[in-house]
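Reading through the structure tokens given below for one structure.
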Amino acid sequence: MMKVLIALFVVVFVDVVASQCTCENMKWAVCDGTPCQCTILVDEGLKQPIDCTTLIPKCFLMKAEMYRARTGQSTRSIAGKPVETALVDNDGIYDPECETNGRFKNVQCNKTEECWCVNSAGVRRSDKGDKNIKCETAETYWVRLELKHKEAAGLDAVKLRTGIENALQQRYKLDKSFVSEFQYDKDGRLIVVDIKKKIGESLPDLSRMAYYMEKDIKVLPLFSNTTPFEFSVEGSKVSMEKILVYYVDDKPPTITMQKLTGGIIAVIVVVSLIVIAGLLIMFFLARRQKALYSKAQPREMETMS
Ligand SMILES: *[C@@H]1O[C@H](CO)[C@@H](O)[C@H](O)[C@H]1NC(C)=O
């Protein structure tokens, strides 16, 4: 009981002290000083200064998350590609190398000898190679968000689009004009939102918004104010249960099919087996049919004559 009270007191006390200088856009940030300076811990004793007036670069956040995972603190836990070359972040989290401005370096090695190329969202876009791998800069200019909303009555595409655009604007500070496409499948509760910027432009960094949203839906908000991500559609709240993000770069990725992951190989094997089984069944059915037909034929002839 006493311990709980002390813990409670400490929490309240820390809250009061911190309230003068806090980081709205990053709950793990530690801030102090005048002027207020905020940092996040990205490695043992390594404090990355961050600008809390915008969403924090994904590279810094991923680094902080890897550090938190290593040290046993909280971590992360999942209708089609917009184009054939779109990338999905199947590899999951790694310990990234960041430029001083928070951009992912083009080559990433996760502190091992094995390296690969990433795009501006830190998503792998090449096969894995050694430390000498050569990578070009690739900017993700288009992200497709595939969202599934929880049961809700009275929704339609127009109302949903407005609700989501407002949420993007208010929560992630993303201007509505970047929403290029919106599709809604009412029965599947599936929403597809395409967010695109002009090729060649560096802002906005679409990976930040996508990362914050993924966290909002899959785990917990990254914002200090951890009220869950919901958006209002004519006064009622709608929340999401699933998100899948596709990344499209200004240059096609160089991933080949050589290194298929176990899951994909398993799917290919199962599909092939089903196809072979189907062909065999069709073959035997055809043979039986033929046998029956050739037996029936003479009898039919007899009755006719
Ligand atoms: C990076 O390394 C960590 C362990 O150090 C591992 O858990 C993680 O899966 C690796 N990520 C990738 C993408 O290789």
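In region 107-192, the ratio of gyration radius to Kirkwood radius, Rg to Rh, stands at 1.16 when only Cα atoms are counted. For region 141-249, the solvent-accessible area of protein heavy atoms averages 47 Å² per residue (probe radius 1.4 Å; ligands and nucleic acids excluded). Within region 177-262, the proportion of C-alpha pairs whose separation exceeds 17 Å stands at 64%. Shown for region 141-249: the carbon plus sulfur share of the solvent-accessible area, taken with all protein chains present and a 1.4 angstrom probe, equals 48%.
Of all lysines in the structure, those lying under 21 Å Cα to Cα from K63, and not within fewer than 8 positions of it along the same chain, are K27, K47, K105, K111, K128, K131, K215, K218. Ordered from largest to smallest accessible area (heavy atoms of protein chains, 1.4 Å probe), the residues R189, R287 come out as R287, R189.
For region 148-196, the Kirkwood estimate of the hydrodynamic radius, built from every pair of different alpha carbons, is 11.2 Å. If the segment from I276 to D156 were pulled out straight at 0.36 nm per residue, it would be longer than the present Cα-Cα gap by 38.9 nm.
The values are calculated or read from the model by the stated rules, or taken from the named source; none is laboratory data. Remember, it's a predicted structure, so these values are computed and weren't measured experimentally. Only protein heavy atoms, including side chains, enter the accessible area calculation; ligands, DNA and RNA are left aside. Shrake-Rupley method; radii C 1.70, N 1.55, O 1.52, S 1.80 Å.
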